[in-house]
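A quick write-up on the structure given underneath.
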Amino acid sequence: MGEVKLMKGNEVIAEAAIRCGADGYFGYPITPQSEVMETLMERKPWETTGMVVVQAESEVSSINMVYGGAACGKRVMTSSSSPGISLMCEGLTYLAGAELPCVVVNVTRGGPGLGTIQPAQSDYNQAVKGGGHGDYKIIVLAPASVQEMHDFVFDAFDLAFKYRNPVMILSDGVIGQMMEKVELAEQRPRWTDEEIVKMHSSWACTGKTADREGNIITSLELDPYAQEQFNYKIFEKYARCEQEDVRFEEYMCDDADYLIVAFGSSARICKETIAIARANGHKVGLIRPITLWPFPSKKIAEVAQKTKGVLVAELNMGQMVDDVRLAVNGAVPVEHYGRTGGAVYTPDQVYDALKNKIIK
Amino acid sequence: MAEYIVEKTKENLVYSKTPVLKDNVMHYCPGCSHGTIHKLIAEVIEEMGVQDKTIGVSPVGCSVFAYNYLHIDWIQAAHGRAAAVATAAHRLYPEKLVFTYQGDGDLAAIGTAESIHVCNRGESIAVFYVNNAIYGMTGGQMSPNTLIGMKTATCPYGRDPQLHGYPYKVANFVCQLPGVCYVTRQSVHTPAAVRKAKKAIRKALENSLAGKGLSFVEFVATCNSGWKMSPVQANKWMEENLVPEYPLGDIKDE
Ligand SMILES: Cc1ncc(C[n+]2csc(CCOP(=O)(O)OP(=O)(O)O)c2C)c(N)n1
Ligand code: SF4
Ligand SMILES: [Mg+2]
């Protein structure tokens with residue numbers, strides 16, 4: 001068993017970044033995730049693993065630093081919260097369009113606008129439906145514990161390089177700020193420059209040596225038919241991701257008459273709701289999508305059709321509920337319950353919603 | 001008719017194209033400064049023997065396709081973001097040679113924050129900044145550098161400072177930053193200017209390799225299409241109008 005510590009979610013992101021052998025972190029302060037960069041600056045990984053940490057002048061700049069680092073074949077990441085992610089959307093679509101791997105951690109807060117600094121899940125659509133312009137997808141992982149904040153940094157880098165695509169860890173102020181026990185992985189070495197040349201010199205900017213042509217990282221294409229072919233190609237990649245990398249947690253679904261679908265911090269609250277409901281004689285189960293894209297549509301459809309109805313509980317005005325409705329396709333009623341703007345529901349409030357909207 | 005064949009031998013070869021310049025036909029308008037500046041950078045890269053360790057960052061602007069002409073590794077950046085992209089490449093590969101190549105819209109308008117802060121951090125990279133006082137790529141709109149009274153598609157009656165502010169002299173601003181070691185303004189409109197410009201490019205790249213800080217090379221340049229002039233007229237107009245506003249020569253050399 002690895003080292004076990006009591007840590008804050010945001011600190012764990014920094015710790016996991018160092019331990020997984022990341023090459024660079026580029027960020028800009030914003031609540032509720034500033035501890036990520038603060039922890040990195042305190043840990044000084046450039047003196048140990050050689051990891052570079054840069055405080056940029058804006059999120060526009062930090063995501064473009066990520067773009068530059070990813071173009072070099074390096075393992076690079078950033079973190080931010082809702083308003084900062086809005087600024088990064090240009091960079092995200094360029095990263096997807098240039099097929100570059102990177103990890104973006106989004107510790108979301110309440111909006112719209114400057115909004116609040118309390119936890120919310122109202123950036124589901126921005127994360128899952130794109131955010132930036134053009135036909136593209138980013139892989140989105142939703143942690144529900146400090147341990148998953150740690151583990152998903154490793155998984156996110158693996159997925160990013162498997163598909164050469166950005167991966168977002170969509171967390172929120174609850175998971176970012178709370179302290180929990182976490183088992184830390186062993187330190188992994190960073191890739192050496194020689195290893196990077198071996199693995200990635202077919203596409204990355206590692207220096208044009210005599211044995212190969214110059215590599216060009218770009219998302220520009222003047223010919224619409226060539227752009228169309230490129231888009232088909234990345235969507236084949238996305239289809240493969242939907243086949244191979246859908247992740248979810250299934251909780252007490254075997255005998256369930258009713259189903260809750262919830263992700264991240266909300267899923268934790270809903271587990272309490274299930275305890276209350278079951279104590280009152282209602283058999284309720286939970287599906288927690290872990291990959292918000294690719295979405296576990298098949299699993300949700302399969303479980304939902306054996307139930308009498310589905311409640312989608314999310315800390316927003318109704319975003320993931322659209323994807324659940326598409327998955328369930330009218331087989332049973334699907335209702336939404338949410339709170340918004342940084343307000344968080346209690347397990348009882350979700351239970352009340354369940355009774356009012358689904359159990360009846 | 002008799003055929004005259006000139007034999008290509010080493011003795012009668014006066015000029016040969018550097019292999020760092022690809023054979024692709026350039027898309028630039030005849031008379032445009034971009035092509036000449038590309039050639040000079042390519043020659044310096046060859047002469048310094050650094051083709052295998054150079055990473056170029058191209059902008060959005062007419063020179064977005066610089067990557068089709070210089071045979072090195074290239075990263076094409078979003079509009080204005082080249083400096084941020086180059087920062088990461090330089091930090092992650094400190095022993096490589098990283099440069100950006102940007103127009104005046106890219107560097108002095110949309111990329112202002114990135115371009116100032118890369119200088120302020122003193123990243124040891126070279127910035128090649130092509131100031132033609134107009135947005136060439138999008139069809140000749142006003143740039144921050146457009147001269148007072150100069151007509152463009154978005155100031156068809158001439159740039160009016162009441163409406164549009166004043167020409168923006170980035171070089172005179174960034175020279176004040178301690179992270180910047182070399183600031184110079186060059187042009188490529190005469191053979192003598194070309195020779196000087198090439199020396200400036202070499203100095204900038206050498207500074208970068210030596211880790212001296214950021215080198216900022218501005219080229220006062222022509223955009224004859226955007227200016228709606230012939231190449232010859234454009235060179236003359238540039239000398240008479242643009243150069244007095246953006247005087248040539250070294251501004252800082254430490
Ligand atoms: C975000 C964004 N805004 C606007 C544009 C449109 N655009 C493309 S090039 C350009 C200006 C280029 O001018 P400059 O940097 O001076 O380069 P030049 O073509 O003159 O060399 C603009 C506004 C864009 N591509 N992206
Ligand atoms: S439009 Fe202007 S900057 Fe662009 S290629 Fe033509 S002359 Fe050069
Ligand atoms: Mg221009």
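We did not get these values from a lab; they are worked out from the coordinates using the rules stated. Not measured: the values here are computed from a predicted model. Cβ sites come from the backbone with ideal geometry, for glycine too, and all protein chains shown count toward neighbours.
Here are a few things to note about the model shown:
- Legend: translational diffusion of region A:74-180 by Stokes-Einstein, Rh = Kirkwood radius over C-alpha pairs, 25 °C, 0.890 mPa s; D = 179 µm²/s.
- Mean ellipticity per residue at 222 nm, deg cm²/dmol - from DSSP H runs of n ≥ 4 across chain B, formula -39500 (n - 2.57): -8500 deg cm²/dmol
- Net lengthening on full extension, residue A:257/residue A:225 (0.36 nm per residue, minus Cα-Cα): 6.5 nm
- From the largest down, region B:183-254 spans 42, 21, 20 angstrom on the principal axes of its Cα atoms.
- Computed over Cα pairs, the Kirkwood radius of chain B leads via Stokes-Einstein (0.692 mPa s, 37 °C) to a diffusion coefficient of 177 µm² per second.
- Label-point separation in nm, residue B:160 to residue A:331, each point 7 Å along Cα→Cβ: 6.7 nm
- Mean-position separation - Cα centroids, region B:59-119 and region A:1-64, in angstrom: 25 Å
- Extension gain (nm, one decimal) between residue A:46 and residue A:268, 0.36 nm per residue minus Cα-Cα: 76.3 nm
- Of the cross-linked pairs A:137/A:198; B:196/B:252; B:96/B:203; A:129/A:357; A:308/A:355; B:39/B:198, those separated by over 18 Å at the C-alpha level are A:137/A:198; A:129/A:357.
- Sequentially through region B:156-170, phi angles give Karplus couplings (6.51, -1.76, 1.60; θ = phi - 60°) of x, 9, x, 5, 10, x, 5, 8, 10, x, 10, x, 9, 9, 4 Hz, Gly and Pro residues having no value and appearing as x.
- Förster radius 22 Å - calculated FRET efficiency between residue A:188 and residue A:244, Cβ distance, rounded to 0.05: 0.45
- Long-range HN-HN contacts of residue B:102 with modeled amide H, under 5 Å: B:128, B:129, B:130
- Test item: A:18-31 mean partner chain Cβ contacts at 10 Å: 1
- Chain lengthening between residue A:276 and residue A:305 when straightened (0.36 nm per residue, less Cα-Cα): 8.1 nm
- The translational diffusion coefficient of region A:251-359, from Stokes-Einstein at 4 °C and 1.567 mPa s with a Kirkwood hydrodynamic radius over alpha carbon pairs, comes to 97 µm²/s.
- Treating each Cα of chain A as an identical point scatterer and summing with the Debye formula, the log10 of I(q)/I(0) at q = 0.12 Å⁻¹ comes to -0.87.
- In region A:112-230, the convex hull through the Cα atoms has an average projected area of 11.0 nm², a quarter of its surface area.
- Cross-link table A:8/A:283; A:162/A:208; A:5/A:306, entries beyond 31 Å C-alpha to C-alpha: A:8/A:283; A:5/A:306
- Shape summary of the protein assembly as shown, radius of gyration then Dmax from alpha carbon positions: 27.7, 106 Å.
- When each of the peptides B:93-103, B:229-239 is scored by the mean number of other C-beta atoms lying within 10 Å of its residues, the order from highest to lowest reads B:93-103, B:229-239.
- Averaging 1/r over each pair of different alpha-carbon atoms in region B:8-91 and inverting the result gives 14.0 Å, the Kirkwood hydrodynamic radius.
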